1. Could you order the peptides 374-381, 213-220 from most to least packed, using the average number of other C-beta atoms within 10 Å per residue?
2. Ignoring ligands, DNA and RNA, what percent of the 1.4 Å accessible area of segment 156-239 is carbon and sulfur?
3. Quick one: with all protein chains in place, what share of the accessible area of segment 405-445 is carbon or sulfur, to the nearest percent (1.4 Å probe)?
4. Normalising by the residue count of segment 19-72, find the relative contact order in percent from Cα pairs under 8 Å and 6+ residues apart.
5. Among the aspartates and glutamates, select those whose C-alpha is under 18 Å from the C-alpha of Lys360, and discard any that sit fewer than 8 residues away in the same chain.
6. Amide H neighbours of Phe49 under 5 Å, at least 5 residues apart or on other chains, H built in the peptide plane: list them.
7. Filter Lys337/Lys375; Lys41/Lys257; Lys48/Lys75; Lys41/Lys82 down to the pairs with a C-alpha to C-alpha distance above 19 Å, please.
8. How large is the Rg to Rh ratio of segment 327-401 when both quantities use alpha carbon positions and Rh follows Kirkwood?
Amino acid sequence: MPKIATELSYLDIKNMDKCGTFAIGYVSGLSIRISSVGARKTYVFRYKFDNKESYIKIGNFHHIDIKTAIDDAYKYQDCLDKGLDPKILQKVNHARFRTDILSMEQSLHGQELYFSNRSNRNPQYQLDQVRSIASNADDDVVKAKNKESNSNTCKIITIEAAVYQYLDYLEAMQAFENNRRGYSERKGMVKNHIFNKIAPSTILSTIEATDFNNCISAIWSKHASLSSKLYNFIINFIDWATANNYYDDLMFKSHLKTLMAPYRKRKASSGHNPCLDFKQIPYFVKVLWENGSISAMCFIFSILTAARSQAVRMLTWKQLDLDNCLWHIPLENDKSKVKDRIRTIILSPQAVALAKHINKSFFADGADSDSFVFKQKTNKNCLSDNAFRSLILNLNKAQTGKGLEPFVDKNCLDEAGRPRVITQHGTARSTFKTWSKSDELGNLSKFNQEAVEICLLHSRNDPLRGAYDRSTLVMERNKVMSAWGKYCCSLIPEFKFV
């Protein structure tokens with residue numbers, strides 16, 4: 001029987017990094033086993049029974065507290081004092097006190113075990129002790145469950161009510177201050193991708209991590225950006241629900257992260273946004289111009305400015321300074337919410353001419369400064385985020401009908417090995433970047449690549465360099481955007497002399 005060692009505290013055990021098994025005191029035989037340097041630590045109970053040394057695993061150091069380990073060690077020690085092998089108690093606990101007592105009774109009556117003839121080591125005595133231990137342990141579990149139930153009872157609320165409370169909380173905390181559509185976007189995301197898997201009337205405390213995992217995994221491979229937003233929303237929502245006693249799984253984040261691990265690996269190899277070869281850009285812009293719709297004009301403007309979808313769709317007339325050829329993007333429309341960064345795009349003569357054409361063609365009664373430049377026909381709202389995709393699909397349908405190749409990225413293939421349909425983001429931004437570095441056109445030596453990055457509204461990667469270098473390279477950016485605008489509109493007669 002091991003001797004009781006000096007009692008070690010939680011911090012003492014946490015700071016241990018030497019491999020081996022070490023007694024930690026409190027109860028004779030209670031030890032900590034370290035399998036690798038500082039990596040895995042396990043509470044164990046070491047003992048000797050019938051002249052044979054053995055041990056029982058109690059639990060992982062990071063999963064149970066030291067008090068629980070001490071209590072379990074006392075129970076195993078009590079078994080030894082009664083002449084029983086502690087593993088009998090362990091088997092009873094692992095079976096969670098099911099009807100395994102009958103099979104144990106048959107086993108005990110069918111053999112003499114290996115005990116001596118002492119009165120307290122006969123099979124019947126063993127059976128009585130097992131029944132007694134199981135009964136007492138069962139009572140302890142019931143009491144523990146009742147105690148846990150009383151202390152951790154969650155408030156009854158449906159997931160629908162909880163979500164709307166959480167969104168109201170975010171709005172009160174001004175979380176959507178820089179994003180006017182933040183509330184409605186999250187509300188739509190929950191409705192389309194959570195409530196289609198989990199009934200809105202479901203009690204929140206009964207929902208498990210696997211249920212939320214099903215919501216995210218359903219869209220993970222097809223919509224990487226959306227699924228990431230949904231994942232972060234669920235994590236933050238459950239944290240809020242736990243703080244408000246609507247949910248009681250403190251390990252939820254860890255569980256969901258484990259369940260999502262395979263999908264995260266799959267996402268890493270999903271590739272970039274499909275884009276159009278820069279050699280096809282003049283023809284593509286011509287096709288858009290001939291289409292004539294407001295969505296097509298918006299797409300052309302995004303190409304000429306190498307702008308992101310949200311910024312160009314939510315463009316208002318007051319953001320444009322056509323006299324000075326500038327577009328000032330507000331913080332709420334930008335991807336990055338860092339305040340001190342460049343958000344001004346220099347407009348090429350072609351972009352200015354396009355803006356004036358839109359004002360003349362689509363705003364016969366005059367344009368209000370607060371109105372969207374590219375607004376829907378049915379109302380005064382801006383174009384939806386699906387407008388570009390619908391436009392591209394319609395253009396490809398028309399191209400195929402004429403016997404021409406559709407607008408696809410031959411270097412970006414889907415799971416079936418087919419070229420993927422181009423996107424606005426890839427065509428407006430990736431194509432611009434590729435054109436600016438083209439050796440074939442001599443652009444790599446012609447344009448300052450740092451100015452190109454600023455045209456894309458990319459921040460400097462080096463924080464120290466950014467702190468000292470405050471230059472905005474206005475002249476270089478003007479040179480790049482003017483050349484890009486002339487190249488894109490080279491096949492449009494109306495822009496031939498712009």
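1. Ranking the peptides 374-381, 213-220 by packing returns 213-220, 374-381.
2. 46 percent
3. About 48 percent, which is the carbon plus sulfur part of the accessible surface.
4. In percent, rounded to a whole number, it is 26.
5. Candidates past the 8-residue exclusion: Glu290, Asp321, Asp323, Asp368, Asp370, Glu494.
6. Close amide H contacts, sequence-distant or interchain: Ser54.
7. Lys337/Lys375; Lys41/Lys257; Lys41/Lys82
8. In segment 327-401, Rg relative to Rh is 1.03.
The values are calculated or read from the model by the stated rules, or taken from the named source; none is laboratory data. Remember, it's a predicted structure, so these values are computed and weren't measured experimentally. Please note: Cβ atoms are built from the backbone with ideal geometry, for glycine as well, and neighbour counts cover all protein chains shown. Please note that ligands, DNA and RNA were not included when accessible areas were found on the heavy atoms of the full protein model with its side chains. Shrake-Rupley method; radii C 1.70, N 1.55, O 1.52, S 1.80 Å.
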